[in-house]
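First up is the structure itself, then whatever we jot down about it.
The values are calculated or read from the model by the stated rules, or taken from the named source; none is laboratory data. Quick caveat: nothing in here was measured; it's all calculated off a predicted structure. A quick note on method: Cβ atoms are made from the backbone with ideal geometry, for glycine too, and the neighbour counts reach across all protein chains shown. Accessible surface is based on the protein model in full, side chains and every heavy atom, while ligands, DNA and RNA are left aside. Shrake-Rupley method; radii C 1.70, N 1.55, O 1.52, S 1.80 Å.
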Amino acid sequence: MKTRIVTAAVGLCILAIVLAFFDTVLFDLALALICLIGIHEVYSAMGFGRRQWYLFAAAVPYTLLIMLSSSAAVRALVLPASFLVVLFYNICLIANHGTLDFGRLAGFVYFGGVIVFCFYSLVHLKRVLPPEKFGCDAIYFILLVLCFAWGGDTSAYFAGRAFGRHKLAPIVSPHKTVEGAIGGVVGSMAAGVLVTFAYSLLDGSFPLLTVEVTARGYLAILGLGAVASVLGILGDLFASAVKRQVGIKDYGTIFPGHGGILDRFDSVMFIAPFVSIAVRHFFYLLAR
């Protein structure tokens, strides 16, 4: 437990440093690096090694292209680059049909795509909520994503230990319980309200949010938190199902006591796109 706490504290410090460079390309590069580490964890989980180096090598420039596609010129390259990457992986399968397993290749490509989709959602928030017009709104929503995910995880853990009786998905994740899941939903909602309240207090001294959070805004946060928590559980179960199928305990060891990038960010995978979509289309209408 001590190791987990120390790792979490160091992780929060790194997060603060990354967010300090939010309005620069360093933020995008930091997310790209996290993506690539996560993709490499999937690459290793699927049983690929040095002989299949070309599979991961192709993912590197493509991931950088997606994560750095803030400008229209770069975004124009995404479609032809996507075509070339898909074509490349098909050719790899044809050329190595005797040694390259289609199921593992498909798993690597699909899971890698989910990872890029997840973290690009955070870059997308930066693009649709530019600081010159929306102030620190995008940073707030990124923190909200993380609070929904990790607040739900923490609450689910303690609620499950205290009240867990009924298994949620006994084959995929034997330790998860229905009671823990309910605690996770409550925890995500509470974490969302707390970070919003803290941000509102800071907004009184330093203009941070471009929208004043009213009672309707808090109701919107509660609704987002409830849905996000369920999506976080699905992301967790998805990552656990893959681990169980490939026969590993953790995706990596980069976070002592926590595992790899995917062990720490599995619940973020579906929450980030959901919040990004909700903010883009609904939040500012509901919060006013």
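When you check ALA9 against the structure, is it assigned to a helix (DSSP H, G or I) and crowded, with 17+ Cβ neighbours inside 10 Å, yes or no? Criteria not met by ALA9. Of all residues in the stretch 238-262, those that are over 21 Å from ARG104 (Cβ atoms) have Cβ atoms under 7 Å from Cβ atoms of residues that are of a type in the set (A, V, I, L, M) and open to solvent by less than 60 Å² (accessible area, probe 1.4 Å), 6 or more apart or on another chain, in ILE254/ILE37; ILE254/ILE261. In the stretch 123-155, what residues are more than 12 Å from the chain's Cα centre (by Cα), open to solvent by 10 Å² or more (accessible area, probe 1.4 Å) and over 23 Å from LEU64 (Cα atoms)? Matches in the stretch 123-155: GLU132, LYS133, PHE134, GLY135, CYS136, GLY151, ASP153, THR154, SER155. When the stretch 165-200 is filtered for residues that are surrounded by fewer than 20 Cβ atoms within 10 Å (Cβ to Cβ), of a type outside the set (Lys, Arg) and outside any helix (DSSP H, G or I), the ones remaining, listed by number, are HIS166, ALA169, PRO170, ILE171, VAL172, SER173, PRO174, HIS175. Kindly indicate whether any position in the stretch 96-107 is farther than 30 Å from ALA181 by Cβ and under 14 Å from the mean Cα position of the chain (by Cα). No, the conditions are met nowhere in the stretch 96-107. Of all residues in the stretch 11-29, those that are closer than 14 Å to CYS136 by Cβ have Cβ atoms under 6 Å from Cβ atoms of residues that are assigned to a helix (DSSP H, G or I) and modelled with pLDDT of 85 or more, 6 or more apart or on another chain, in LEU19/ILE139; PHE21/PHE27; PHE22/ILE139. Scanning the stretch 18-51 for residues that are under 26 Å from VAL246 (Cβ atoms) and part of a loop (DSSP other than H, G, I, E, B) gives MET46, GLY47, PHE48, GLY49.
To keep it simple, each residue is scored yes or no on (1) out of contact with any Pro (no Cβ under 6 Å at 6 or more places or on another chain); (2) modelled with pLDDT under 95; (3) surrounded by 12 or more Cβ atoms within 10 Å (Cβ to Cβ).
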{"position": "ALA57", "(1), (2), (3)": "yes, no, no"}
{"position": "LEU68", "(1), (2), (3)": "yes, yes, yes"}
{"position": "ALA72", "(1), (2), (3)": "yes, yes, no"}
{"position": "ALA81", "(1), (2), (3)": "yes, no, yes"}
{"position": "LEU87", "(1), (2), (3)": "yes, no, no"}
{"position": "HIS97", "(1), (2), (3)": "yes, yes, no"}
{"position": "GLY103", "(1), (2), (3)": "yes, yes, no"}
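Going by the structure shown, is TYR120 closer than 30 Å to CYS147 by Cβ and either of a type outside the set (Asp, Glu) or surrounded by 15 or more Cβ atoms within 10 Å (Cβ to Cβ) (or both)? Considered against the rule, which asks whether it is closer than 30 Å to CYS147 by Cβ and either of a type outside the set (Asp, Glu) or surrounded by 15 or more Cβ atoms within 10 Å (Cβ to Cβ) (or both), TYR120 comes out as yes. Looking only at the stretch 263-288, residues that are modelled with pLDDT under 90 and polar (S, T, N, Q) come to 0 in all. Per the conditions (1) within 21 Å of PHE270 (Cα to Cα); (2) open to solvent by 30 Å² or more (accessible area, probe 1.4 Å); (3) among the aromatic types (Phe, Trp, Tyr); (4) touching a residue at least 24 places away in the same chain (Cβ under 8 Å), the sole criterion not satisfied by TYR43 is (2). Just one residue in the set PHE158, PHE117 is in contact (Cβ under 8 Å) with a residue 12 or more places away in the chain and under 17 Å from the mean Cα position of the chain (by Cα); that residue is PHE117.
Where helices (runs of 4 or more DSSP H) fall entirely within the stretch 213-288, those with at least 1 residues that are open to solvent by 60 Å² or more (accessible area, probe 1.4 Å) and under 21 Å from TYR43 (Cβ atoms) are at 215-246.
Filtering the stretch 40-98 to residues that are out of contact with any Leu (no Cβ under 7 Å at 6 or more places or on another chain) and under 23 Å from PHE22 (Cα atoms) leaves PRO61, TYR62, LEU64, ILE66, LEU68, SER69, SER70, SER71, ALA72, ALA73, ARG75.
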